[in-house]
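Since the structure comes first, as structure tokens, the remarks are kept for the end.
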Amino acid sequence: MSKIAITPLGTVSPYTKENMNCPGFLAEYNNQKILLDCGNGITRLLKFPKVLENLNVIITHYHKDHFGDIGAIQYASYVYHNLGTLNRKIKIYLPKNDFAFNKKTIVSNNESYAEYFDISDNSNYSLKDLNISFQDNKSHSIESYMIKLQNKDFKIVYTSDVGTINFDKLIEFCKDADLIICESSFLKKHSTNNKCHITAYEAGILASESNAKRLLLTHFWPEEDKNLYLKEAKQNYENVEIAKEGKKIILKR
Ligand SMILES: [Zn+2]
Ligand SMILES: [Zn+2]
């Protein structure tokens, strides 16, 4: 039987509020941990030092709400390594082309016990039988990677930040997913000309058109009532829920 657990660590943007953090999800599969983004505040939900064992940190793009806590994780790896608790480097995956300065800031941090890997369009890595693949939908304001975690039993997609201009490609990437963790930055009432994010209503269309089994909404405005996002997504897709910090989802097969 295979089992994968997904724990939302951060579901709001661009700032933290009360018990809500900026974007981050922890996927646990066998003994591997995969942190999908590393936004401000997420470290308070991680169990140190255990989380550092077999930890893969993926930063989807260099908007600060998605990597605000990376320095804390790096420094924790450095301290626990020096204490003899952590013997294997954590792995950090970073977009290759964009924002060289930020990459340099992260990679050149010497107080860190980590190794670094590039993400580029359509690149992928394998953690034993789990494949992790990346695609830039080229619809966000900067280079930003969607992530697909896939083995023989599961296909899970984390959209990170995406916009509306390449919606067909987005549907294609999410095709038949068991779970889509989808950004839904806007409600209909926010309707601006901002095409760099999608609405909860559009997230519902995405899940329906891609024939997904389950939809988890995230990336909310901190001041909004989350039930409004749920309501708008439900107009297009029934099996949808709101991501909540600490509320773990377990997929089994
Ligand atoms: Zn962004
Ligand atoms: Zn964002």
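The values are calculated or read from the model by the stated rules, or taken from the named source; none is laboratory data. Quick caveat: nothing in here was measured; it's all calculated off a predicted structure. Ideal geometry is used to build each Cβ from the backbone, glycine not excepted, and the neighbour counts take in all protein chains shown. With ligands, DNA and RNA removed, areas are computed over all heavy atoms of the protein, side chains included. Shrake-Rupley method; radii C 1.70, N 1.55, O 1.52, S 1.80 Å.
Quick rundown of the values:
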| item | result |
| --- | --- |
| Residue pairs meeting the criteria (Cβ under 8 Å; at least 6 apart or on separate chains; first more than 16 Å from ligand 1 (Cβ to nearest atom), in segment 129-152; second acidic (Asp, Glu)) | Asn151/Asp129; Lys152/Asp129 |
| Residue within segment 222-234 that is open to solvent by less than 60 Å² (accessible area, probe 1.4 Å), within 15 Å of ligand 1 (Cβ to nearest atom), over 20 Å from Asp121 (Cβ atoms) and not charged (D, E, K, R) present | no |
| Residues located in segment 44-63, provided they are in contact (Cβ under 8 Å) with a residue 24 or more places away in the chain and open to solvent by 30 Å² or more (accessible area, probe 1.4 Å) | Leu45, Phe48, Pro49, Glu53, Asn54, His63 |
| Enumeration of residues in segment 50-69 that are within 16 Å of ligand 1 (Cβ to nearest atom) and either in a loop (DSSP other than H, G, I, E, B) or among the aromatic types (Phe, Trp, Tyr) (or both) | Ile59, Thr60, His61, Tyr62, His63, Phe67, Gly68, Asp69 |
| Counted residues, segment 145-182 - those being surrounded by fewer than 24 Cβ atoms within 10 Å (Cβ to Cβ), among the polar types (S, T, N, Q) and either within 20 Å of Asn56 (Cβ to Cβ) or within 16 Å of ligand 2 (Cβ to nearest atom) (or both) | 3 |
| Residue that is nearest to Ile147 (Cα to Cα), among those in segment 76-107 that are of a type in the set (S, T, N, Q) and assigned to a helix (DSSP H, G or I) | Asn102 |
| Number of positions in segment 1-17 that are within 11 Å of ligand 2 (Cβ to nearest atom) and part of a strand (DSSP E or B) | 2 |
| Qualifying residues in segment 15-29 (those that are without any contact (Cβ under 8 Å) to a residue 60 or more places away in the chain and surrounded by fewer than 19 Cβ atoms within 10 Å (Cβ to Cβ)) - the one farthest from Arg253 (Cα to Cα) | Glu18 |
| Verdict on Phe186 being farther than 18 Å from Pro95 by Cβ and open to solvent by 10 Å² or more (accessible area, probe 1.4 Å) | yes |
| Given (1) closer than 18 Å to His61 by Cβ; (2) crowded, with 18+ Cβ neighbours inside 10 Å, index of the condition Leu127 fails | (1) |
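Matching residues to (1) modelled with pLDDT of 95 or more; (2) small (Gly, Ala, Ser):
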position	(1), (2)
Lys64	no, no
Gly71	yes, yes
Val79	yes, no
Lys103	no, no
Ala114	yes, yes
Ser123	yes, yes
